[in-house]
């Protein structure tokens, strides 16, 4: 990495997304100042972090699945389900926090295992497999719940609301998840294998990697991340909610954030750092729109355009490099 | 036709099961009512088929359907003379959205999953921005006739479905269909042998947009104007196509099978309702069946498919 000249390094999507983030913050500053406000107040900085924590955690998990050449459309419903499981088991009692967290992690790992096994053993395309699992969870949710249920004790709500200086606990949790994933991808054998499988599954298999296991493992990790996000949202709401995952659009939005961060949708290229940048970019965009009090529908339009343009820029750059 | 046989067999079994519980289904009126209900999804699936067989995805069709219905309601606003111009406009919008999807996918080399996801956000944002957050206005009687009325006992939607189906089958038999299939199977080989890959793919996206416009016209009359009319339709359409044995990634499957897949999905909903698995658990059953159906297809004919995820591990 050190031998690469600066100009070439600037072509890396990760650098691009962080440069874009800085540019956006500068632009936001100017726009909000012209509007007569102040952009980077304590309030908005905390807001950006809180807004991005849940999506960020899901997107880190999604990064692992996408890097291995897969993707996960079931995270949104899984988040709803885990928020309910957490709140129901806690039932307002401090003593139940540990069993609830354990149950959520076990449940989400199980869902990830099912996703992974359906994809690898039954050879169902990841898109259809995880969409099918999403429908299964949705049916269970609709069948069992009409609205919010369970109760999260106040001591657990610390996770959602309290902060240390300007840094919310939820952002620390996100940072923790991201650092673990970064370490996993760039410093362990498993990480290299994930890149290998996503880059070219056949070559990976011929080099002796058990590709099926790698795909299953990334799905387990991706679902566990969704479970953690479910815990975070439950602590923020004070209860579980059957629509919290889908309202946030965490399935498609996490994929969008990953791709915005420069990870190739086909797998094998990218990383967690880019995803963190992508999530922050979306959150800063949100904050600017909120501060300018722009209609929320404009937000969707701009978001859609930004995502497509970003990926088009990355596609240009890879072309320029290989030519 | 041969490729469509497995899904047609499943469809016949499902239809027989429905008829067993509900004999009215065997009468022309009963069956036509079913076909009328299924028509929008079948047409949408036919459009999605072109995109999928060319190796791409179109996630924007659901929000395109919603956008078209909202636009129609606001522009027509109950005025009968506005019906035909607005229908023409809807078709132009559908083609235009497909054109943008196709051009961005091919010329800017952005994965179609992302392009159409972006389009989904843009369309749903833009249309509600324009209409002020909720659908306004009303459709005219003439517009609603397509989804509700009929020529004698035969609903218009069934006639439109037959026309669309015939056109789709004809297209796939024509040169366009062959080049589309080749482009989806191996883009590079197709390009090297002189296929204008970009042009065929753009055309496929435009067909999907057109199908969404027609679906919107039918659904606007059938289901009425709401902000949820197209919700989730993109996933239903993709599911239907895959259920028909069309492979995600392109190059394999027939349009007849894709449409039969949509009929099967609709028959499945009908059957679940008849057996009292209503509302909630319907999704769970649907999810299980989709996974099982696709898995069965993949396991039964493994030699027909190129190695995919997991093949490697299973073989080692």
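Here are the numbers for the structure shown:
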{"read-out": "Residue-averaged [θ]222 nm for chain B, counting only DSSP H segments that reach four residues, each worth -39500 (n - 2.57)", "value": "-24500 deg cm²/dmol"}
{"read-out": "Estimated inter-spin distance, residue A:26 and residue A:98, nm [label 7 Å along Cα→Cβ]", "value": "5.2 nm"}
{"read-out": "15 Å cut-off, amide nitrogen to a point 7 angstrom out along residue B:37 Cα→Cβ, residues in the range B:214-240", "value": "B:222-223"}
{"read-out": "Most fluctuating residue given options A:66, A:137, A:309, as computed from a GNM of chain A linking Cα atoms under 10 Å", "value": "A:309"}
{"read-out": "Peptides ranked, highest mean first, by Cβ atoms within 10 Å: ranges B:85-92, B:207-214", "value": "B:207-214, B:85-92"}
{"read-out": "Residue order, fewest to most surrounding Cβ atoms within 10 angstrom, among A:314, A:77, A:161, A:145", "value": "A:161, A:145, A:314, A:77"}
{"read-out": "Highest-fluctuation residue, B:291, B:93, B:43 considered, GNM on chain B with Cα pairs under 10 Å", "value": "B:291"}
{"read-out": "Theoretical ellipticity at 222 nm over chain A - DSSP helices of four or more residues, -39500 (n - 2.57) apiece, nearest 500", "value": "-25000 deg cm²/dmol"}
{"read-out": "Global form of the range B:2-315, assessed from the alpha-carbon gyration tensor, a/c cut-off 1.5", "value": "oblate"}
{"read-out": "Fewest-first ranking of B:158, A:244, using other Cβ atoms within 10 Å as the exposure measure", "value": "B:158, A:244"}
{"read-out": "Length released on extending from residue B:174 to residue B:228, taking residue separation times 0.36 nm less the Cα-Cα span", "value": "15.8 nm"}
{"read-out": "Segment residue A:290-residue A:113, extension gain: residue separation times 0.36 nm, minus the distance between their alpha carbons", "value": "59.8 nm"}
{"read-out": "Length added when fully stretched, residue B:108-residue B:134, from 0.36 nm per residue minus Cα-Cα", "value": "6.0 nm"}
{"read-out": "Shape call, the protein assembly as shown: gyration tensor on alpha carbons, a/c limit 1.5", "value": "rounded"}
{"read-out": "Ranked B:36, B:201, criterion: other C-beta atoms within 10 Å, fewest first", "value": "B:36, B:201"}
{"read-out": "Inter-label distance for residue A:243 and residue A:35, nm, one decimal - labels placed 7 Å from Cα along Cα-to-Cβ", "value": "2.7 nm"}
{"read-out": "Cα-based shape type of chain A, given that a ≥ b ≥ c are square roots of the gyration tensor eigenvalues and the cut on a/c is 1.5", "value": "oblate"}
{"read-out": "Nitroxide proxy distance, nm - points 7 Å out along Cα→Cβ at residue B:188 and residue B:79", "value": "5.6 nm"}
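Each value in this text was obtained by applying a stated rule to the coordinates, not by laboratory testing. All values reported here derive from a predicted model rather than from experimental measurement. Neighbour counts run over all protein chains shown; Cβ positions are idealised from the backbone, glycine included.
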